[in-house]
């Protein structure tokens, strides 16, 4: 079972469902069998409320391998839709804000959605290019200060 901390950490209390799903598709079609959880090679899927799948990026990222989709026999996943609407968000607890240099998140972001701006003093700042961010969560696991969360955009 997923710990309360792992379930809600960095997500502002909102559940993150697997890629290509929605809360509605989970509610309407998921049987809670756990096949998608067992199939995830990144081990980021966990059994959440009513044994339905939730994502935690604390220990890894989504590689969009589609193993969860292939394991599911119910109409929960829709590959015709974008994987997620979720995006990374940098909080005020980023250590750059107190003058400590760090670029772990920008170094790990394969799609280069995290942008380092050295013109911000004293040691730079990181911002999120929301058009490039795919919500994979790699930056969440990389940030040792829990300054990055993955959230549903309020407006896109």
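The values are calculated or read from the model by the stated rules, or taken from the named source; none is laboratory data. Bear in mind the structure is a predicted one, so any value in this text is a computation, not a measurement. Using ideal geometry, Cβ is built from the backbone for each residue, glycine included, and neighbour counts are taken over all protein chains shown.
Of the residues making up the stretch 48-78, those that are farther than 15 Å from residue 16 by Cα and in a helix (DSSP H, G or I) number 4. The selection criterion, being within 24 Å of residue 32 (Cα to Cα) and under 18 Å from the mean Cα position of the chain (by Cα), holds for residue 64.
Among the residues making up the stretch 1-40, a single one is at pLDDT below 95 and touching a helix residue (DSSP H, G or I) at 6+ places or on another chain (Cβ under 7 Å): 10.
Scanning the stretch 104-130 for residues being assigned to a loop (DSSP other than H, G, I, E, B), modelled with pLDDT under 95 and either loosely packed, with under 15 Cβ neighbours inside 10 Å or in contact with a strand residue (DSSP E or B) (Cβ under 7 Å, 6 or more places away or on another chain) (or both) gives a total of 7. The residue pairs whose first member lies in the stretch 17-32 and is on the phi < 0 side of the Ramachandran plot, whose second member is in a helix (DSSP H, G or I), and whose beta carbons are closer than 7 Å, counting only pairs six or more residues apart or on different chains, are 17/23; 17/26; 18/36; 18/68.
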